[in-house]
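Every number in this text was worked out from the coordinates using simple rules, so none of it is lab data. From a predicted model like this one, the values you see are computed outputs, not experimental measurements. Cβ atoms come from the backbone with ideal geometry, glycine included; neighbour counts cover every protein chain shown.
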Amino acid sequence: MTENNLTVRLAAPRGFCAGVDRAIQIVEKCLEKYGAPVFVRHEIVHNRFVVESLEAKGAVFVDELEEVPADVPVIFSAHGVPKSVPEEAERRNLIYLDATCPLVSKVHVAAERHFRSDRHIILIGHAGHPEVIGTMGQLPEGAISLVETVDDIPNLKVPKNKDLAYITQTTLSLDDTKLIIEALENQFPKLIGPAKQDICYATTNRQQAVKIISEGCDAVLVIGAPNSSNSKRLVEVAAMNGCLDSKLIQRASDIDWTWLATKKVVGITAGASAPEVLVEEVLEACTEKFNVAIEEVAITREDVIFKLPKQLTD
């Protein structure tokens, strides 16, 4: 340990949300019930540590359903899947479990409700993200138009003879999404929105906590995967709230210690798919290098729990 002093502002809430915790439990309990191997379509959540931990227990991750043998169970990831995926699983008589986060499923239900009401739907989200692919796949092609940024809105083509409604990906930046919604409402004054925002409670809480810890920090470290939408948004939120020196890391081994040695106050948080063990790993590595004083900044405590599928609780 050096003589350098380092103050760590530790955000709370951080790390696993209820949807991620439920998805991981589904894989683990499926392994207990059916034995290994259990197949999972796509990463169950966006975190390599989690995926590799489940692989060690007997989970096999594949890109598409066609890679799943006929005699083993398959689980759909927390991000949700197009309707064609469970339809194909049923056609093949596969045992399947859906680990889609209930808050993502809520967005799917809203999309279907708007469709039944003959509304055209605008989805605010990131093209190519599994959640966006799953949401757009709930309805026939052309029923949903995707908007990623404010700049997309002037060129947005929507039916002239239909009412419009919007839904959003659950892991977006609160501030960016607010600007996009305002721009959409300016262009489409009769636009129908959700009674309650689609951005989930966990994304909201983690972004609000990062806003607070970023003030006065020399740097912010966000523990999460590079393909994790909510983790990348935390880096952006830190930068937009006074800490331009914010970085996304997957593990303690990613830290540039020479760079960190120039800092006096560092904020630390974790995306919703990053386990607390990785936070502890980073804190332990910091204490080996510096004289660390930890200050936890808690804006709220989360007590949300989502039920497991009936197949695993009967």
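Structure notes:
- Among the trypsin sites (Lys or Arg not before Pro) in the stretch 154-200, those placed in a DSSP loop whose Cβ has at most 11 other Cβ atoms within 10 Å are 157, 160, 190, 196.
- Summing Lys and Arg as +1 and Asp and Glu as -1 over all other residues whose Cβ lies under 13 Å from the Cβ of residue 202 gives a net charge of +1.
- Set of lysines near residue 289 by C-alpha distance (under 27 Å), chain-local residues within fewer than 8 positions excluded: 211, 232, 247, 263, 264
- Alpha carbon centroid spacing (whole Å) that separates the stretch 147-180 from the stretch 41-56: 31 Å
- Between the stretch 58-83 and the stretch 263-296, the alpha-carbon center distance in angstrom: 34 Å
- From the C-alpha gyration tensor of the stretch 94-239, square roots of 5λ in Å: 28, 20, 12
- Between residue 147 and 123, 124, 125, the built amide H atoms are under 5 Å apart, and every one of these is 5 or more places off in sequence or on another chain.
- Note on residue 33: lysines with a C-alpha under 23 Å away, same-chain residues under 8 apart excluded, are 57, 307, 310.
- Filtered GluC sites (Glu not before Pro), the stretch 1-106: DSSP coil and at most 13 other beta carbons within 10 Å: 3, 64
- Here is how the number arises for the chain: DSSP H runs of 4 or more residues each give -39500 (n - 2.57), the sum is divided by the residue count, and the result at 222 nm is -11500 deg cm²/dmol.
- Kyte-Doolittle mean at least -0.5, axial Cα span of 15 Å or more - DSSP H helices of the chain: 18-34, 102-116, 174-187, 201-214, 229-240, 276-289
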